[in-house]
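The values are calculated or read from the model by the stated rules, or taken from the named source; none is laboratory data. All figures in this text were calculated on a predicted structure; none of them were measured in a lab. Positions of Cβ are backbone-derived with ideal geometry, glycine not excepted, and every protein chain shown enters the neighbour counts. The accessibility values were calculated without ligands, DNA or RNA, using every heavy atom of the protein model including side chains. Shrake-Rupley method; radii C 1.70, N 1.55, O 1.52, S 1.80 Å.
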Amino acid sequence: MTTKTTTVPAEHQSMFDAVLARLDVAAKIYGLSDEVATILKNPQKQVKVSLPIMMDNGTMRVFEGFRTVHSTILGPSKGGIRYAMDVCDDEVKALSAWMTFKCAVANLPYGGGKGGIKCNPREMSVGELERLTKAYTTAMADVFGVDKDIPAPDMGTSGREMAWLLDAYNKTHRGNFPGVTTGKPVGLGGSLGRDAATGRGVMISTLAALAKMKLDPKKVTAAVQGFGNVGSHASRLLNEQGIKICAIGDHTATLWNENGIDIKAAIEFVKTNNNVLKGFKGGVEIKPEELLTAKVDILVPAALQNVITGEVAQNINAKLIIEGANGPTTPEADPILKDKGIIVVPDILANGGGVTVSYFEWVQNKYGRYWPEAEVNEKHDASMNAAFETVWKNAEQYNTTMRMGAYITALQKVESGIKAKGWY
Ligand code: GLU
């Protein structure tokens, strides 16, 4: 596939600016109307709350909580809640816009939203986290809603937090509303297959891209950055397809093994080792940045944002990048990767498996009947493959990258929704 070069201006600094930079480039290639572009550049609603929490040591701390509803054009806003120290207005705004595009690419009847609390969950007790989650939910009681705005887990949160959120929401609204959040534990209305869904979507996107590149999964190698919910499931599922995983890493250790890392052993290890890789003996320790430029065929950034900078991009050896994380590549790196002929399956397509199964969870909650895991996986795979094909076709038709193909796919849907509904 030959592609059109479009460089992004260097003044784009913040994460939301990085979203706008991509939006501008896509809008130009696609020919988006100015009205629609202006609407998409301004999130619909931004809420910020202060959350006073009594800490275990008897001191009071006030945490900042955020929720941004970027768009409800195609349906209720959907998106996770992140617990991390870098959570701020800008980041939540950017992530909420990506959810609008991600849901549109995945063909879900949802808009986009995102929330977060500025905190370090690793340094907090379970009791403190429960109080914080419930205080946040109570503060956002009028923002969230089954047909309004539906949270889910993200970085630093999991089914445990969603169960607390559901409890606080149910008590505030005096009823039982399982569909107000997704990614819940299975016993509370969660869906089978949701936990592994983002990693599964990464695997399906990888297989689809390898097929286009005429590469045999059994003959390729991969490096996966991040060993949390996305990275660990992605590594396991890619490995099950015969792909040799030569490098893995988390915030405590990065490992290399040219014969392939025993992923099952690594998963077993982290389960009994405080959820971290440090101490796992399945490879030699390398520097975290060496994972990104390792000599492998496939690179899966599945941890943090902005790790593939322009400088890193110059040194990447992989021929395929599958973005398991949200925003792992900076706008400056896009044209460099394109010029090197590296195919990038962008975040808003590659990690859409999570929100796709979130949608299935929400449908099951509304329906009151639950599907076997095989049925969830089958529906997920079909949906991801269809999204991949649409994006690939758009990239070909507009003679551009898959990232732009994905943005164009989203813009087509959101634009037709906005135009059909009209404005005041
Ligand atoms: N936090 C995940 C994401 O970024 C899942 C969102 C959801 O399931 O609503 O896609």
* Structure fact -> Of (1) within 30 Å of Q314 (Cβ to Cβ); (2) open to solvent by less than 40 Å² (accessible area, probe 1.4 Å); (3) part of a helix (DSSP H, G or I), E290 fails just (2)
* Sort out which residues of region 304-337 are among the small types (G, A, S) and at negative phi, and write them in order of number. => G310, A313, A318, G324, A325, A333
* **Test for L74: is it within 12 Å of the ligand (Cβ to nearest atom), open to solvent by 10 Å² or more (accessible area, probe 1.4 Å) and touching a strand residue (DSSP E or B) at 6+ places or on another chain (Cβ under 8 Å)** => no
* Asked: Could you list, in sequence order, the residues of region 164-187 that are within 15 Å of the ligand (Cβ to nearest atom), over 28 Å from A303 (Cβ atoms) and free of Cβ contacts under 8 Å to residues at least 40 places away in the same chain?
  -> V180
* Wholly enclosed strands (runs of 3 or more DSSP E) of region 202-262 bearing at least 1 residues open to solvent by 20 Å² or more (accessible area, probe 1.4 Å) and within 17 Å of N326 (Cα to Cα) -> 221-225
* Structure fact -> Counting only residues in region 122-133 that are without any contact (Cβ under 8 Å) to a residue 60 or more places away in the chain and closer than 24 Å to D149 by Cα, the one farthest from the ligand (Cβ to nearest atom) is identified as E130
* Residue under evaluation P331, criteria (1) of a type outside the set (A, V, I, L, M); (2) in contact with a Pro (Cβ under 7 Å, 6 or more places away or on another chain); (3) not in a helix (DSSP H, G or I), criterion not met -> (2)
* In region 296-328, how many residues are assigned to a loop (DSSP other than H, G, I, E, B) and either touching a residue at least 24 places away in the same chain (Cβ under 8 Å) or touching a Pro at 6+ places or on another chain (Cβ under 6 Å) (or both)? -> 19
* Neighbours by Cβ (under 8 Å, 6+ apart or cross-chain): first from region 134-163, open to solvent by 10 Å² or more (accessible area, probe 1.4 Å); second aromatic (F, W, Y) and part of a loop (DSSP other than H, G, I, E, B) -> V146/F177
* Asked: Looking at (1) touching a residue at least 24 places away in the same chain (Cβ under 8 Å); (2) more than 26 Å from K212 (Cα to Cα); (3) away from the ligand (no atom under 16 Å from the Cβ), which is the only condition K340 fails?
  -> (2)
